[in-house]
Amino acid sequence: MRKLNITLIYNNKNFLEFINSSNIIRSYNNTVYSYIEEIDSNSYKSLFQEIKDTGSWFYFNTPFENKSYLAFGNLFENETEKISRHEFSADIRIPTFFGGAMFPIPRKTDLWSDFKTEEWFVPEFILMKYESKYFLTTNLNDSLLNIPDVSNRLSRRLKELTEAVERNEKHTELNSGQVDYNTWRMQIDAALDQIKSGYVDKVVLARYLVKTLKKEAEVSQIILNLEERYPDCYIYLWRRKGSLFFGASPEKFISIRESKLSIDALAGSAKRGKDKNEDEEIAEALLNDSKNLFEHNAVLSYILDRIKDYASDIKHPERPRIKKLRNIQHLWTPVTAVINKEVPAGDLTKRLFPTPAVCGLPKERALGLIKKLETFDRGLYSGILGWKDAEGNAELTVSIRSGLLRNNFVYLFAGCGIVDGSDSKEEFKETELKLKPILNLFYS
Ligand SMILES: C=C(O[C@@H]1C=C(C(=O)O)C=C[C@H]1O)C(=O)O
């Protein structure tokens, strides 16, 4: 294994100054003291090449901001309300909490037992890449440590991330089989009956696939491939206990910076064309297709309705735009607004989640139908994932186009919005397009 230099980066003088200043302001419980230092790119890159499917860590890349985070170690868990923060470096903002929430249906199996229904944790360390600069954040709590202690702890954590573990080769699938076309058709027909009777306007049904991995997954390769192939998507990987949940999502759930809010309405899909002309024809047809526009508008009108009491200056383009990805294109309406000062960010998340892009309309009825018709646990698939800070800022994605690695299996998930006029064969094809980003990582 290459030697990792990151253990040596602490600048003694700055760190001591930080400890002293932290001692002065030290008066609350649950305070996070964040020491941020720039590190050299080689340390970061060498760690990245060595990262394994072991330990507990969280990786989140928001390419449109040129920022990625690798968070590891656990200082606090689920204490969002109580934590205040003292940062040493004022120039650069670092998120406080990383984590996410599952799609809100109680689980029937053990597939997701390595994750919690909802978790927001304060990591011990965060490696951040911002444009061409690299930073290490060390988070400390009230039992402040000295430099050798912190360095040792960092070395231990890095070892956990980079050391491969021997695996027992005998495993059984936790959720055997898959949703094949016949099962899918019956589910879509049942949903269409409910739509025709007027019980729901839209419901998003998903299917899953299980594949055996032929060899150990190479995590650094997964990250590199996803980042290269999906340069406009959120790239996320969350490793916890024996599971790795990961994906490349085109969908922003919510982004909050001070009072600026932005949300994606993303729904309505079509394949990519074989050449530029065909691609444009397909996009044009999608922009004028009443079924897809209905699916899309269900999401947009829901978002506008849910934020109207919390925000002002709500803006969005009059007609949807097209978001093009490698295998698929979508109808997309970006919504921006200014949040009323008195609203906590968590309230907005609760009001919006899950949107009709992954659930349906009316929400509670669609949730009931999904619970009744789907035969697997969605878990973190179609949940939310990302970061928040103690000041109410947040960057969360809808965790779609995702897979779960567990033992020697990869579980893949994809869904689509069902509305009046949906056809089970076409929707099945659409799920295949949506499964591709993950499937191609292992079987191309
Ligand atoms: C549910 C998924 O995607 C969602 C459903 C879409 C649709 O039905 O057209 C499009 C984008 C996403 O909001 C998925 O990828 O699994």
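The values are calculated or read from the model by the stated rules, or taken from the named source; none is laboratory data. As the structure is a prediction and not an experimental result, all values here were calculated from the model. We place every Cβ from the backbone using ideal geometry, glycine too, and count neighbours over all the protein chains shown. Ligands, DNA and RNA are excluded from the accessible area calculation, which covers all protein heavy atoms including side chains. Shrake-Rupley method; radii C 1.70, N 1.55, O 1.52, S 1.80 Å.
Quick one: angle between helix 181-196 and the longest Cα principal axis of the chain, in degrees between 0 and 90, rounded to 10, please. Compared with the principal axis, the helix lies near 70 degrees. Between T212 and Y181, the C-beta separation translates, for a Förster distance of 25 Å, into a calculated FRET efficiency of about 0.75. Net charge of the neighbourhood of G100, taken over other residues with C-beta under 9 Å away and scored Lys/Arg +1, Asp/Glu -1, is -2. Ordering S41, L244, V338 by the projection of their Cα atoms onto the charge dipole of the chain, which places +1 on the Cβ of Lys and Arg and -1 on the Cβ of Asp and Glu, puts L244 at the extreme positive end. At what distance in angstrom do the alpha carbon centres of the range 37-72 and the range 382-404 lie from each other? Their Cα centres are 17 Å away from one another.
Here's the list of aspartates and glutamates a cross-link from K252 could span, going by alpha-carbon distance under 12 Å and ignoring same-chain residues fewer than 8 apart: D232, D264, E395.
Could you report the range 182-278's accessible area per residue, 1.4 Å probe, as an integer in Å²?
Details: 4190 Å² over 97 residues.
So the range 182-278 comes to 43 Å² accessible per residue, rounded to a whole number.
Of the listed residues S312, S422, the order by accessible area with a 1.4 Å probe, largest first, is S312, S422. Counting only lysines at least 8 places from K274 when in the same chain, those with an alpha carbon closer than 22 Å to its own are K323, K324, K425, K429, K434, K436.
Using the Cβ-Cβ distance between E364 and E77 with R0 set to 35 Å, the FRET efficiency from 1/(1 + (r/R0)^6) comes to roughly 0.75. The apolar share of the surface of the range 283-346, taken as the fraction of accessible area on carbon and sulfur atoms (1.4 Å probe, ligands and nucleic acids excluded), comes to 52 percent. Highest mean first, the peptides 196-209, 317-330, 261-274 sorted by other C-beta atoms within 10 Å per residue fall in the order 261-274, 196-209, 317-330. When only Cα pairs below 8 angstrom with a gap of at least 6 residues are kept, the chain shows a relative contact order of 22 percent.
Dipole check for the chain: with +1 at the C-beta of Lys and Arg, -1 at the C-beta of Asp and Glu, and the Cα centre as origin, the magnitude is about 620 Debye.
Please report the carbon-and-sulfur percent of the accessible area for the range 402-443; probe 1.4 Å, protein heavy atoms only, DNA, RNA and ligands left out. Looking at the range 402-443 in its full context, I get 43 percent from C and S.
Peptides 96-107, 400-411 ranked from most to least packed give 400-411, 96-107, packing being the mean of other C-beta atoms within 10 angstrom over each peptide's residues. Computed over the chain with a Gaussian network model linking Cα atoms closer than 10 Å, the most mobile of K241, K434, K13 is K13.
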